[in-house]
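Novice: Got a structure for you, questions after.
Please treat every number below as a calculation from the coordinates, not as lab data. Remember, predicted model here, so these are calculated numbers, not experimental data. Glycine gets a Cβ as well: all are built from the backbone with ideal geometry, and neighbour counts include every protein chain shown.
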Amino acid sequence: MSKDFKPQDYFRYKKTGSRWQKPRGKQSKLRKSKKGAGRMPGAGYRTPKKFRGLERGVIKAVVVESDRDLAGVGENEAIIISAALGKRKIYLIASAARQRGIKILNMKSAEAAAERQEEINKRKEGKAKKHAKPEEPKKEKEKAEEPPERKSEKAGKEEHKEGKSE
């Protein structure tokens, strides 16, 4: 809803507060432009040509939906990351924009996505530690420290096998 142009009785009903509707009533004070009734859109309210389409009167805003859209962004342009994207994709686009030095106008969503990605990375590290296999040097030590009896038994078996083959 615009700050200047509010529909008639916007404060009375929830549904009328959402967008501008032209007043059509026969006795409507707003339609007749009476004092205190509110403003109606008109020809004098248009933005000057040199400022149309600019964000904050300085930078041209470009809506970005993927990494490929960043290639078309120029020096005097900033990006607005599409709201239809998920947090992971927002994070990827925001990090690529930061590397290229592109200004992000809806920075709150990019920062929230970055925080979420850090949480996910921490969880992955924690899971990797839990599911990591125990170290195997213990098994090697057990093999190296076999009792001498077993060594002699193995040697005797090898000699026995050699004797049979002759």
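Novice: Collect residues whose amide H, placed 1.01 Å from N in the peptide plane, falls under 5 Å from the amide H of Arg39; neighbours closer than 5 in sequence don't count.
Specialist: Lys6
Novice: Could you order the peptides 35-46, 76-87 from most to least packed, using the average number of other C-beta atoms within 10 Å per residue? Spell out each step's value before the answer.
Specialist: Details: 35-46: 10.1, 76-87: 14.7.
Result, highest mean Cβ count within 10 Å first: 76-87, 35-46.
Novice: Sort 13-24, 110-121 by packing, meaning the average of other beta carbons within 10 Å per residue, with the highest value first.
Specialist: 110-121, 13-24
Novice: Still on this structure, I have one more. If you take every DSSP beta bridge whose two residues both sit in the range 1-131, what share of them, in percent to the nearest 5, is antiparallel? Mind showing how you got there, number by number?
Specialist: On the way: 2 of 8 bridges.
About 25 percent, rounded to the nearest 5.
Novice: Sticking with this structure for a sec: Order 62-70, 123-131 from most to least packed using the mean count of other Cβ atoms within 10 Å. The partial results should precede the final answer.
Specialist: On the way: 62-70: 14.3, 123-131: 9.0.
So the order, starting with the most tightly packed, is 62-70, 123-131.
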